[in-house]
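No lab work stands behind these numbers, since they all come straight from the coordinates. Because the structure is predicted, anything quoted here is derived from the model rather than measured. Ideal geometry is used to build each Cβ from the backbone, glycine not excepted, and the neighbour counts take in all protein chains shown.
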Amino acid sequence: MFRLIVCLFLLNFSVGVKAQSTFDKLNKNPFKQTQWYVGLRGGANYTIVTPINRFGIIKPTDNADQELYEKKYQTVENIGAIYGLTAMFQFEQKFVVGTNFSVGQIRFSYDQELPGEANSITFSHQQNFQYLDVPIFFRYMIRPTINRFWNRSSRKPEVPGIIPFVQAGINFSVLLDAEKTVTQSIRQGEIEAEGFSFTENVNELLNPVTAGIFVGGGFRFRLGNVYLTTEANFRQGFSNVTDTDRRFANKNLVNNAYDVFDDKSFQTFEFVVGILVPIKYLSRREFIPVEI
Amino acid sequence: MRFFVIFILVVFTSCQKDTEAFLPTEKFNSIFDNPSEAVAYNPLDLIQTQDGGYLILASSNSQQIFVLKASSRGEFLWSKTMSSAYIQPIGNWIRNQENYYFVAQTISDRTAVLVEVDDLEQTLKPIREYTGYRRPLAFDYLNPNSYLLLTNNDTIGAVLSKIQEGFAMEWARAFDKITDTNAKLDNYLISNTPQFFVGAYNNGATLYFNTLRPEGFTFTFTDDQGIETGRIAPANQGSINSIATTSNGQGAFNYVANGQSLFSPQLTLRNNDSIFSSELNGELQPDRMSNKPALVLPIELSTTPYTLNAYTTVDGRIKLSLYSANSGELSAIEYIGDNDPLELAAIKATEDQGIVILSKTTIAGVRQRINLLKIPKEELVNLL
């Protein structure tokens, strides 16, 4: 009898040790408590220009005419493209830290008039800047915290298939290329005629690096073993885009279009779709990613 | 979540500090336009005001006096057109205590009138008429507290007057006895565009003026009482265009002699001699438009004195030539302007050791407008 009791006890203990060992291995493995993601992203943006200090060549000779000579920033044709790579590290179920390497196109335009009783001359300025945007951001996933410990049935904890998120970060933008096209038009009464048009590279008139912040939100959708993200962000620039020391450096613009850049920053709304691929797998053969 | 909120707050507060820190540029280039193509401006002179801005004196094509105030960044601040009872303003601006002054003439009998400009009140007021002194030609400092006025009396010709600090006339000197001088001067101006000017050096011990005299357009030296001591007479219809003097009794001259434009950067002034301008031994300025002003300005860059010579070129630009004041050698050249033609009107040093250039430009082919351009000190140093 005593032997039977000892045998049952040992059997029970050995089964217990075996079961605890399997689950604990999985649950306490630091490998499955974080995840890295890489991906592609692309979308469109819409830019609003905020002039900080206005500069110009043509000025009025009377207070009443002040407004006639101000640059008029346009709100159409300000849509640009954005595309690039993304990398993220999920260190907690609700928190992700990430960065992007995106090429962002900033397009905006303004008109400046040389008003006249007989002849009015309008200069239309269309800008096309390209920046390499490198943000550092935190993303907060709006989801319930789930128990990571697998139960004895070996069922994986269920992560929601659709997770909304909000995010915020600091953004650094490195100027890649900047062009502007100036088109002159002359109006005499009812008759309007096209004047000259030229395109200038204006890299030298801009600061090479600008900074800002962004906030936004979106959704993460699970598509098999990868994720689709859609996000909408608002970027606020805090640096002056214009190089104040080089404002008058382009003589063609100064002398022929009477143009110098204002001190300005950009506000940008962007809409981006991305694909995220997790790079830590429980089973590489079966492509089962770590999901936390 | 708490960490996330703190992160957003830190980012927002740290970035917002910089939004007002964008600095305005020292350099500017301003063209002051009027939508009416029928209006034309002829800029004459400028002066830097106490607040770092600039007062510009100009006349319009309707002979009216126009004063414009620009900020230190070249932005338009205010302008005033004077009553049509006063016409033909002349440079230079002078400053007396808080206000600024220039001289014009009455439309009725061409009497010289001193006009006071109150920058704060934005007003132009004729404050004194110099009765009997007609057709003013030049006005400038004798020393910081007194001034020189050059007028053209119809019965005797050039008259040089000393004006005291309170603007009363201390003395006046006539030099010739010519009749009908107004008609003679008008005839001369039909085919010539000379520069009338007055000035002084040697702490006011030697005075000079430049105007039409019986032998032609003559540069005249006088003592401190206005008694003539010497002159530079024209060579073959030429004239002296401008002069800058130094404390060591030397001068730089722009002049036209024998139909050629010349510049003499370093010349010992012979105020007791009578010579011809052809004896000044200047260097040719073949690209200078000889019927437009050429001006000389002494400046200091990196503690080294330079003479800046500026003139309108035949292709409608402004050429700046920097000469070493010590050696007289040419150090640097810079051109200003492009398609729209420029005509130099005045050039002045600024308080921050840059220069401002006042010129007339013609934009869109027909509009004669005032152009004010500032070149900061750093840019001037980089030219060297």
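At 20 °C and 1.002 mPa s, what whole-number value in µm²/s does Stokes-Einstein give for the translational diffusion of the range A:206-292, with Rh from the Kirkwood sum over Cα pairs?
In µm²/s, the coefficient is 126.
Return the single residue from B:Asn254, B:Asn29, B:Asn241 with maximal mean-square fluctuation; model: Gaussian network over chain B, springs between Cα atoms under 10 Å.
So, out of B:Asn254, B:Asn29, B:Asn241, the one fluctuating most is B:Asn29.
Jot down the radius of gyration and Dmax of the range B:38-134, Cα atoms only, both in angstrom.
Rg then Dmax for the range B:38-134, in Å: 12.9, 42.
As an exercise, identify the GluC sites (Glu not before Pro) in the range B:351-384 lying in DSSP coil whose Cβ has no more than 15 other Cβ atoms within 10 Å.
Working: sites: B:Glu351, B:Glu378, B:Glu379; in loops: B:Glu351.
Answer in residue order: B:Glu351.
Quick check for the range A:34-289: number of Lys pairs with alpha-carbon distance under 27 Å, counting only pairs 8 or more apart or on different chains?
Eligible lysine pairs with Cα atoms under 27 Å apart amount to 17.
Consider just the alpha-carbon atoms of the protein assembly as shown and return their Rg together with their Dmax, both in angstrom.
Cα only, the protein assembly as shown: 37.4, 155 Å (Rg, Dmax).
Helix B:181-191 sits at what angle to the longest principal axis of chain B, using alpha carbons and giving 0 to 90 degrees rounded to 10?
That works out to roughly 60 degrees.
Which Cα, out of A:Val202, A:Met141, B:Pro144, lies furthest along the positive dipole direction of the protein assembly as shown (beta carbon charges, K/R +1, D/E -1)?
Positive-most Cα among the choices belongs to A:Met141.
Can you compute 3J(HN,Hα) from phi for each residue in the range B:45-55, using the Karplus curve 6.51 cos²θ - 1.76 cosθ + 1.60 with θ = phi - 60°, rounded to whole Hz and x for Gly and Pro?
With the stated coefficients, the range B:45-55 comes to 7, 9, 9, 7, 8, 4, 8, x, x, 9, 9 Hz.
If one takes the longest principal axis of the Cα atoms in chain B, at what angle in degrees, from 0 to 90 and to the nearest 10, does the Cα axis of helix B:2-16 lie?
Its long axis makes an angle of about 0 degrees.
Convert each backbone phi in the range A:79-85 into a coupling constant with the Karplus relation 6.51 cos²θ - 1.76 cosθ + 1.60 (shift: θ = phi - 60°), then list the ³J(HN,Hα) values in order as whole Hz, x for Gly and Pro.
9, x, 9, 9, 7, x, 10
Give me the percent of Cα-Cα pairs in the range A:56-102 that sit more than 16 Å apart, rounded to a whole number.
Result: 69 percent of Cα pairs exceed 16 Å.
Any chance you could get the radius of gyration and Dmax over the Cα atoms of chain B, in Å?
Considering chain B through its Cα atoms, Rg and Dmax are 22.8, 97 Å.
What's the local net charge at A:Asn171, with K and R +1, D and E -1, over the other residues with C-beta under 10 Å away?
Values: positive: A:Arg235; negative: A:Asp133.
Computed value for this residue: 0.
How would you order B:341-348, B:77-84 from highest to lowest mean count of nearby Cβ atoms within 10 Å?
Per-residue Cβ counts within 10 Å, averaged per peptide and sorted highest first, yield B:341-348, B:77-84.
Out of the GluC sites (Glu not before Pro) in the range B:276-331, which ones are loop residues according to DSSP with at most 11 other C-beta atoms within 10 Å?
Of the GluC sites (Glu not before Pro), the ones in loops of the range B:276-331 whose Cβ has at most 11 other Cβ atoms within 10 Å are B:Glu329.
Provide a whole-number value for the mean count of partner chain Cβ atoms within 10 Å of the Cβ atoms in peptide B:31-42. Mind showing how you got there, number by number?
Values: counts 7, 6, 13, 7, 14, 6, 4, 2, 2, 0, 1, 0.
Taking all residues of B:31-42 together, the mean is 5.
Over the alpha-carbon set of the range A:166-215, divide Rg by the Kirkwood Rh and report the Rg/Rh ratio to two decimals.
Taking Rh as the inverse mean 1/r over Cα pairs, Rg/Rh reads 1.30.
For B:Lys162, list the aspartates and glutamates whose Cα falls under 13 Å from its own Cα; do not include residues on the same chain fewer than 8 positions away.
Of all the aspartates and glutamates, those that pass the test against B:Lys162 - Cα under 13 Å, at least 8 places apart if same chain - are B:Asp140, B:Glu170, B:Asp223, B:Asp224.
Run down the aspartates and glutamates and flag those whose C-alpha is under 12 Å from the C-alpha of B:Lys80, throwing out any fewer than 8 positions away in its chain.
A:Asp62, B:Asp118, B:Asp119, B:Glu121
Take peptide A:62-68, look around each residue's Cβ out to 10 angstrom, count Cβ atoms belonging to other protein chains, and average those counts.
Across A:62-68, the average partner-chain Cβ count within 10 Å equals 3.
How large is the charge dipole for the protein assembly as shown, taken about the Cα centre, if only the Cβ atoms of Lys, Arg (+1) and Asp, Glu (-1) carry charge, to the nearest 20 debye? If you can, show how the numbers build up before the last one.
Values: 59 positive and 69 negative charges, 974 e Å.
Taking the Cα centre of the protein assembly as shown as origin, the dipole is about 4680 debye.
What order, most packed first, do the peptides B:209-221, B:135-147, B:172-184 have when packing is the mean number of other Cβ atoms within 10 Å of each residue?
Working: B:209-221: 21.6, B:135-147: 19.5, B:172-184: 15.4.
Output ranking for B:209-221, B:135-147, B:172-184: B:209-221, B:135-147, B:172-184.
Partner chain Cβ atoms within 10 Å, averaged over the residues of B:73-79 - can you pull that number for me?
The shielding value for this peptide is 4.
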